[in-house]
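Q: Following this message is one structure expressed as structure tokens.
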Amino acid sequence: MAKNLFLILFIGIQLNSFCQNRQLKYVNESNSFRMEYKQVGQCNQFIPIGWTTQTNPEGTTFDLTSPDKSMYVGYAIFPINPYLHTVYPNNNLYSTNPALVILKLASLIGQTLQGFEEPTQFDNSTNLTIGDYVFKTFQSDNLKGSVLYRVFPGDGINTSNILAIRFAIAKNNKWSTYNDLLSRIATSIRCDAKLVEHNFPIIKARISNRSSSANKKEDYNYNAQLGTEEAHNAATGENFTFTQDAWNETGPQGAGYYVKIGNDNVKLSPGRSRP
């Protein structure tokens, strides 16, 4: 009888463990980026592992592109030259209208991702003014994206205006999944640009419709505006940026975020593992 009771208890424990693990939501490629800290010229920050980086010596541009060219994040300090506008009045890249310049830049970025350029328009689903900054979303036939920008006055001679711009762009099938993560990376870019000094605002709106959870801890660097968080594997130092979709109220090691490594469920530690 004692043996049978022990067997029943053992089976119950195993079934409970199986059900618990089966219901776990994992931090994986569908809801996260594996991150690494990298210095690229004048720019220093965490970026997705394996992404291509490009910058200039002045630190006024910074480009991040996914290996399959389906996603892009970028930063630019872009001066508008009034002389070029008079020479090329029909080229929106040199327009005195900042919105037209931004849409032209977005379409050129799209060309690097797809191999061809297509018209890009603001979609008006997100259109915010945050102090001196403007935050908008845009789209073309095959791409969607967001931009955060500010217009600075130029010297009136060589430049009429100077734009500080941060882009997050992806192909349609990737944008629906990664838009908040891409926007978080874009808004975290920090470069020591020499052309203009500017403070960065806090975005007061979400891009996606993902629900936020009231029980998230600040230890995970929770971004209430984008619904994204950060954690790391304490054993390996590997960093992750991810959406809240992966949160578990219960798990083998308690509430938290888990990754699957082989047959093991590894609970992530809050925040970043610094280099």
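Q: All but one of (1) surrounded by 13 or more Cβ atoms within 10 Å (Cβ to Cβ); (2) modelled with pLDDT under 75; (3) of a type in the set (S, T, N, Q) hold for S211; which doesn't?
A: S211 satisfies all of (1) surrounded by 13 or more Cβ atoms within 10 Å (Cβ to Cβ); (2) modelled with pLDDT under 75; (3) of a type in the set (S, T, N, Q) except (1).
Q: Can you tell me which residue within segment 250-275, out of those that are under 30 Å from N44 (Cα atoms) and among the charged types (D, E, K, R), is surrounded by the fewest Cβ atoms within 10 Å (Cβ to Cβ)?
A: Selected residue: R274.
Q: Would you say A106 is in contact (Cβ under 8 Å) with a residue 12 or more places away in the chain, surrounded by 22 or more Cβ atoms within 10 Å (Cβ to Cβ), small (G, A, S) and out of contact with any Ser or Thr (no Cβ under 7 Å at 6 or more places or on another chain)? Don't jump to the end; show me each part of the working.
A: Details: in contact (Cβ under 8 Å) with a residue 12 or more places away in the chain: yes; surrounded by 22 or more Cβ atoms within 10 Å (Cβ to Cβ): yes; small (G, A, S): yes; out of contact with any Ser or Thr (no Cβ under 7 Å at 6 or more places or on another chain): no.
Answer is no for this residue.
The values are calculated or read from the model by the stated rules, or taken from the named source; none is laboratory data. If you're wondering where the values come from, they're calculated on a predicted model, not measured in any experiment. Here the Cβ is made from the backbone with ideal geometry for all residues, glycine too, and neighbour counts use every protein chain on show.
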